[in-house]
Structures are given as C-alpha cells and as structure tokens.
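Colleague: Before I ask anything, let me first share the structure, which is written out below as structure tokens.
The values are calculated or read from the model by the stated rules, or taken from the named source; none is laboratory data. Keep in mind it's a predicted model, so treat the numbers as computed, not measured. Neighbour counts are summed over all protein chains in view; Cβ atoms, including those assigned to glycine, are modelled from backbone coordinates with ideal geometry.
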Amino acid sequence: MDSSLSGFYKLPVNERRKKIAELGGLTADEAALLERFGALDEPTADRMIENVIGAFPLPLGIATNFKVNGKDYLVPMAIEEPSVVAAASHGAKIAREFGGFEASADEPIMLGQIQLAGVKKIPEAKKKITAASGSLISLANSCDPVLVKFGGGCRKIEVREVKSKRGTFLVVHLLVNCGDAMGANAVNTMCEKLAPELEKITGGSARLRILTNLAIHRLARAKATFLRCETCTPLIGAILDAWALADADAFRATTHNKGVMNGIDAVVLATGNDWRALEAGAHAYAAITGKYKPLTKFYTDKKGDLVGEIELPVAVGLVGGATKTHPVAKACVKLLGVKSARELACVIASVGLAQNFAALRALAGEGINRGHMELHARNVAIAAGAKGAQIDAVAEKMIREKNVSASRAKELLSG
Ligand code: NAD
C-alpha cells in the first residue's frame, strides 16, 4: 500500500471514499458507514477540512442543572467518554443548591506574536516600535473593518526581548480585541500585515507571525459553593486533601486538569470551537508559575463550607471558524442561549468547575470506578456486538456480576 495518494485531494468525496475503502480493506458495510453524514452534510464537511471521506459522529448530551450568574442554561456536550455529562450535571446540581456559579470573563483580547530575528540595536528598535505604535495599530485594524465595526480591533502593541539558543529575538505582541470571534485568523492576518513594516522599522527579519494560545488577557473564572460544613465535614476534608495533592504534585495535577477539560472540551466541541486551542492555553496557563498546577482551587470559607474556583484562558467565539458552518454547532449555541463570546466563556468555566468538583467528590468518596464502569458497561456490550435491547441487558448483567469485560459480554451474547 502506497500512502502518498497523489492527487487524492482533487477527487470528489465519493471517489476518495471508494479508493480508501479498497486500500484499507473495508467491507461494503463498513464503507457504507462513512457515507452517513447526518446533520453535517457532505458538501459542508468537504469545505471544512481536506481529503474528506466521511463524517465522525459523536454523542451529544445535555448537562442539566447549570445556573450561571443567576441564569439557567441547557449545556450541550459532545463527547465519547461515559459519565462526563452525568458528572457535570451532578456537580451543577449541588452548586445550584447554593445559588449556582458566579462567573466572569475578561474582554476578548488575544495576543499575536511577530518574531524578529537579527535586530542589531535592540533598545533603539524597541523605542522606534513604541513610537510607531499608533500607525501600526491603524495598519493592523485596516485588515479587518468588520471586526472594528463590531467593536473589536488591535488595541495595543508591546515589545519583548526573548533570549534563545539562536540569539535574542525581538517579539512584538499585538493585543487584539476579537469581539465575538475566537480570533486566530483575525490576529494572524494582522501579524502578517505588520511584519514587513516592523522589518523596516527594526532592520530585522520577520520570522513567525501568529497568535499565541496562551491567552492570558482572555481569562474566565467561576466560583461556587458545593458542600455545607455541618453535613459533610469528612468529605470536605477528603476533597481538600485531593486538591492539595494536585497542588503539590504534577502527576496528580495533570489528571486533575484532564478532568476539568473533560467538561470544557465537550462544550467547546459542541459549539463548534477549537478545543485544541483551549487545551493548549489551559495547560500552559496551569504551568505559568513555572510549576504545573491545578486549574481549580478548593478551600473552606469562613463558615467552613466548601468553595471551588476555576480560572483559565477561554478563547471561544460565536462567529468564525466552524461555529457558523457546522449546523449542529449552530443549534447547540441556540440551545445554550448565550449572546456573547464572554457569556459562553462564563458557562465553559462553570462546566470545568462542576466537572472537577464531581470528579473529586467521587474520587474522595467511593472512587469513580463504580459509576464509570456502569456507563462503560454499555460501551463494552456494544463493542462485543450487542444490538438494541441486548445492550442494556448485557450491561446490567455484567454490572450485577461485577465483571464488566469484553469476554463476559461475548459469553452473555452467545449464551
Ligand atoms: P474567522 O476568521 O473565521 O472569523 C472571524 C472574523 O469574523 C473576524 O475577523 C471578523 O471579520 C468577523 N466577524 C463578524 N462578526 C463579528 C463579531 N461580532 N465579532 C468579531 N468578529 C466578527 O475566525 P477567527 O475567530 O479569526 O479564527 C478562528 C479559527 O482559526 C478557528 O477555526 C481555529 O481553529 C483557527 N485557527 C486556530 C489557530 C490557533 O489556535 N493556534 C491558528 C490558526 C487558525
């Protein structure tokens, strides 16, 4: 098999699919699965990415109980992992008893970077860039009159010196208000536009011209009370211990933050946003002090009640990228009822906190495996070939027997 597939990208979708099915040895039934585009129709999918042969459906669930800043939300989550939607709903239900989540999001400021190499007189070059910042900002804004019309645009220019293994680079940061867009394309376009001008000003050579996903000016925060002191003291202690381990130990912090991102990624994906951008920003932010830390904090307030807080960069949009091209994403945004990218960021931060609390509560109590395995049992049954009513029957039997495994599912199906 030769994977170079010359000219593959030029083929129509059905011919690509046929070719791949032959090369990959798919049966006719397997190949037919790829033809089922569902709500994301073939022409749309073919314009979204390259070399399209099909669509990949994921379950879409709704997390319930979310009240953020006094408003109720139906939260769409697209995810393949069992128990995430249930856990988010559970965490939100507990927070709701105390009034729900208080959340806030910064102005939607993204940072673009222009790397300049070979600048001879760095202090002088810095001064020249600062002096020219007014005209540079105007030039950046000339790239995107639509963004400016909606109240966004380049706001500020900053200059940094970055020492590297290949000498010192001058790195110019553009601070751009991206309005209701995530802003990557908008910021990248501005960076590319300014690069030749910066070369002229500094005498250096522009190298990279792209935004950073470490969106430190676009943070979202949420806070909620979860447990009452009098009723839950031992559990509160156990949750605080769980958090303290994450705070002290990167091995635990990584998994702690994976739990946070379980919820966040699912909402980001359901709304057509770029979850890799969120992931990159979240983990970089977790390590911003030089040590990888949890994205949430748990502590007790003056009354002894358990309070949780989260803070992370949330660069999401309601326009741009796939948000307006993916029909399901559009329906999800409508369901959610958010009116701005900042409001969406507030919901996303709250979901991350709810998810994390639910995981810590389960881990600090009976462990997550029971709940997880109950949901996982259905996947195991499906993988073993169960269909329709068989799925629940096989899953329930395996749970009762405390033996959730592929081999037991197969035995039950053949028996
Ligand atoms: P975009 O260019 O598709 O849309 C943004 C544009 O929409 C703005 O520039 C503006 O002209 C217009 N617009 C209309 N109404 C607006 C409003 N109310 N507020 C703001 N802008 C409005 O998308 P984008 O948001 O610039 O970029 C997001 C895409 O970039 C995503 O698909 C992402 O995957 C991709 N991307 C990400 C990275 C990264 O994260 N490192 C890099 C490159 C591309």
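Colleague: So which of ILE310, ILE382 ends up being surrounded by 15 or more Cβ atoms within 10 Å (Cβ to Cβ) and part of a helix (DSSP H, G or I)?
Modeller: Unique residue meeting the criteria: ILE382.
Colleague: Which one is surrounded by the most Cβ atoms within 10 Å (Cβ to Cβ) among residues in segment 176-235 that are more than 10 Å from the ligand (Cβ to nearest atom), among the polar types (S, T, N, Q) and in contact (Cβ under 8 Å) with a residue 12 or more places away in the chain?
Modeller: Within segment 176-235, the first condition is being more than 10 Å from the ligand (Cβ to nearest atom), and the residues that meet it are 191-209, 214, 216-235.
Next, from what is left, pick out any that are among the polar types (S, T, N, Q): 202, 205, 225, 231, 233.
This time we only want the ones that are in contact (Cβ under 8 Å) with a residue 12 or more places away in the chain, so: 202, 205, 225, 233.
Numbers: THR202: 23, SER205: 13, THR225: 20, THR233: 14.
Here the answer is THR202.
Colleague: Would you check which residues across segment 129-161 are assigned to a strand (DSSP E or B) and either within 16 Å of the ligand (Cβ to nearest atom) or loosely packed, with under 13 Cβ neighbours inside 10 Å (or both) and list them?
Modeller: GLY153, CYS154, ARG155, ARG160
Colleague: Only one of these is farther than 25 Å from THR225 by Cα, surrounded by 15 or more Cβ atoms within 10 Å (Cβ to Cβ), out of contact with any Ser or Thr (no Cβ under 7 Å at 6 or more places or on another chain) and at pLDDT 95 or above: LYS339, LYS397, LYS334, LYS330. Name it. Before the answer, list the steps.
Modeller: Working: LYS339 fails: surrounded by 15 or more Cβ atoms within 10 Å (Cβ to Cβ); LYS397 fails: at pLDDT 95 or above; LYS334 fails: surrounded by 15 or more Cβ atoms within 10 Å (Cβ to Cβ).
Only one candidate passes the filter, namely LYS330.
Colleague: Can we say ALA329 is part of a loop (DSSP other than H, G, I, E, B) and either under 26 Å from MET77 (Cα atoms) or within 14 Å of the ligand (Cβ to nearest atom) (or both)?
Modeller: Spelling it out, it is not the case that ALA329 is part of a loop (DSSP other than H, G, I, E, B) and either under 26 Å from MET77 (Cα atoms) or within 14 Å of the ligand (Cβ to nearest atom) (or both).
Colleague: Moving on to the next point. Is there a residue being out of contact with any Gly (no Cβ under 6 Å at 6 or more places or on another chain), in a helix (DSSP H, G or I) and basic (Lys, Arg) anywhere in segment 60-74?
Modeller: There is no residue in segment 60-74 that is out of contact with any Gly (no Cβ under 6 Å at 6 or more places or on another chain), in a helix (DSSP H, G or I) and basic (Lys, Arg).
Colleague: Pick out the one residue from VAL328, VAL267 that is under 23 Å from ARG47 (Cβ atoms) and β-branched (Val, Ile, Thr).
Modeller: Values: VAL267 fails: under 23 Å from ARG47 (Cβ atoms).
Within the list VAL328, VAL267, the selection yields VAL328.
Colleague: For segment 284-304, how many residues are surrounded by 13 or more Cβ atoms within 10 Å (Cβ to Cβ) and of a type in the set (D, E, K, R)?
Modeller: Residues flagged as surrounded by 13 or more Cβ atoms within 10 Å (Cβ to Cβ) and of a type in the set (D, E, K, R) within segment 284-304 amount to 2.
Colleague: Something else: Going by the structure shown, is GLY281 at pLDDT 95 or above, surrounded by 16 or more Cβ atoms within 10 Å (Cβ to Cβ), under 30 Å from ALA63 (Cα atoms) and within 11 Å of the ligand (Cβ to nearest atom)?
Modeller: Taking the combined requirement at face value, the residue satisfies it.
Colleague: Which of the numbered conditions does ALA117 fail, given that it passes all the others? Conditions: (1) of a type in the set (Gly, Ala, Ser); (2) touching a helix residue (DSSP H, G or I) at 6+ places or on another chain (Cβ under 7 Å); (3) within 30 Å of ILE157 (Cβ to Cβ).
Modeller: Just one mismatch for ALA117, condition (2).
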